[in-house]
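What follows is a single structure, written as structure tokens, with notes after it.
Every read-out reported here was derived from the displayed coordinates using simple, explicitly stated rules and does not represent laboratory data. Note that the structure is predicted; figures quoted are calculated from it, not measured. Here the Cβ positions follow ideal geometry from the backbone for every residue, glycine too, while neighbour counts run over all protein chains shown.
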Amino acid sequence: MKKSSIPRMPAVHGFRFAGISAGIKKTGEKDLALIYSEVPSVTIGLFTKNNIKAAPLKLAIKRLSVQNKSQAIIINSGNANACTGPEGMKHAKEMIVQTAGILRVSSDLVNVSSTGVIGEQLPIHKIRKAIPDLVQKVSPSSLMDAAEAIMTTDSFPKVLLKKVRIGSKTGTIAGIAKGAGMICPDMATMLCYILTDISISHRLLGRAIKDAVDRSFNRLAVDNDMSTNDSVFAMANGLLCNDPVTRDSKEYEEISSTLNELTYDLAKLIARDGEGATKLIEVIVKGARSVTDADRVARAISGSMLVKTAVYGNDPNWGRIIAAAGYSGVKINENKIDIYIGRVKVMRNGIGTNKEKQAGRALQNKTVVITVDLGAGDKLARALSCDLTEKYIAINAEYRT
């Protein structure tokens, strides 16, 4: 397992973390995590649009609809606690109540997340036994342990920290995420937890997070499958004690910009770690009449299995790219379209440039940028993906065995 370069030091003022093995995973790897704030935090939750939702999501959606704060999130990997009926709901509630009791906080301020195999009951007896040890191990410097404990088929933990200048003070925004498969661009594509010590209202945090997610996780595709457990939680504990942030202030723009950067970079890590992937693909569509048009074309190209396999095989088959743009539903004029693979223009005004050899060399890079200029306006959108390999099939054919 690759290790992040994040130092073992306090990551976000007032937050503590833990990650241990509870024996949920057969491998013995970490599978139970805790995120804890010393004080109740303004909290936003965004969840999958899949109509089938796991028990933890049902609880979180209900809780966050009536209150805007939380103090802790307990997370298990190795088991999704989805399609588990009343027993699964009972287990999710038990995790919340036990964690709250040991932390000595209200159970209304604790949420739960699960990720892993769908349709199997949680080994609640193992989790029940492990929670006291989990709580005892919480530390400001254990962010990496928590990031490792939420992983499933991920090959490395995904952790990022950003600093933000708020008036005369410097705040911190941290993000941890997991995701490598069942990644589909329609909220939220994985589990992600964003934590900050900045004081910001629920309304403004919600606006900033939703915008950031739309620009990043909602434009990310590995295999176009949407999970039952996809969630993004954002918690702001306000311990920076900064002056109030207003919608039109420079501080809000800094926070929003940093969140956009943080979530996009996390989405890149997920795409790079796509199951069996060897390359990160970034699709840039510019020259569109609207951002919506650019987004639709970018999503079509990034989600195309034929484009993904061509990138894997170093095949500069730009016909697959223009075909995907054509079925995106956006009205386009092929005679105005230019396509680039890396810096190599493979199509000019709808006609090939006969530069397949140069483009083939560009495809050998670990990061492949595909740029499509629609020649219809000045709007732009980006989307993220990865190549599709034989290893993806092997991983998912053997996922439960």
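Summary table
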| item | result |
| --- | --- |
| Charge dipole (the chain, unit charges on Cβ, about Cα centre) - positive-most of Asn314, Asn365, Ala277 | Asn365 |
| Residue-count net charge about Asn354 - beta-carbon cut-off 14 Å; Lys, Arg +1, Asp, Glu -1 | +3 |
| Rounded tilt (10° steps) of 85-103 against the dominant C-alpha axis of the chain | 60 |
| Amide hydrogen neighbours beyond the local backbone of Val164, cut-off 5 Å, H modeled | Gly171, Thr172, Ile173 |
| Cβ-based exposure ranking for Ile24, Ile321, in which fewest neighbours within 10 Å come first | Ile24, Ile321 |
| Stretch gain in nm, segment Lys26-Thr278, where the contour uses 0.36 nm per residue and the Cα spacing is subtracted | 88.1 nm |
| Ranking of Glu94, Glu253 by count of other Cβ atoms within 10 Å, fewest first | Glu253, Glu94 |
| Residue with peak Gaussian network fluctuation, the chain [Cα springs, cutoff 10 Å], from Ile166, Ile61, Ile209 | Ile61 |
| Distance histogram in 5 Å bins (all Cα pairs of region 237-393, percent per bin) | 2, 9, 17, 19, 17, 13, 8, 6, 5, 3, 2, 0 |
| For peptides 29-36, 335-342, sequence by mean Cβ density within 10 Å, most packed first | 29-36, 335-342 |
| Cα long-axis angle, helix 250-272 against the chain (0 to 90 degrees, to the nearest 10) | 80 |
| Residues Phe156, Phe47, Phe217 arranged by fewest to most Cβ contacts within 10 Å | Phe156, Phe47, Phe217 |
| Gain on full stretching of the segment that runs from Thr309 to Arg343 - 0.36 nm per residue minus C-alpha separation | 10.2 nm |
| Percent of beta bridges antiparallel (DSSP, region 280-397, rounded to nearest 5) | 70 |
| Neighbour net charge for Ala288 - beta-carbon separation under 10 angstrom, K R +1, D E -1 | 0 |
| Percent of Cα pairs exceeding the 12 Å cut-off, where the set is region 33-88 | 71 |
| Computed over region 15-272, Cα set: Rg, Dmax in Å | 16.9, 51 |
| Length-normalised contact order for the chain - Cα pairs under 8 Å, 6+ apart - percent | 17 |
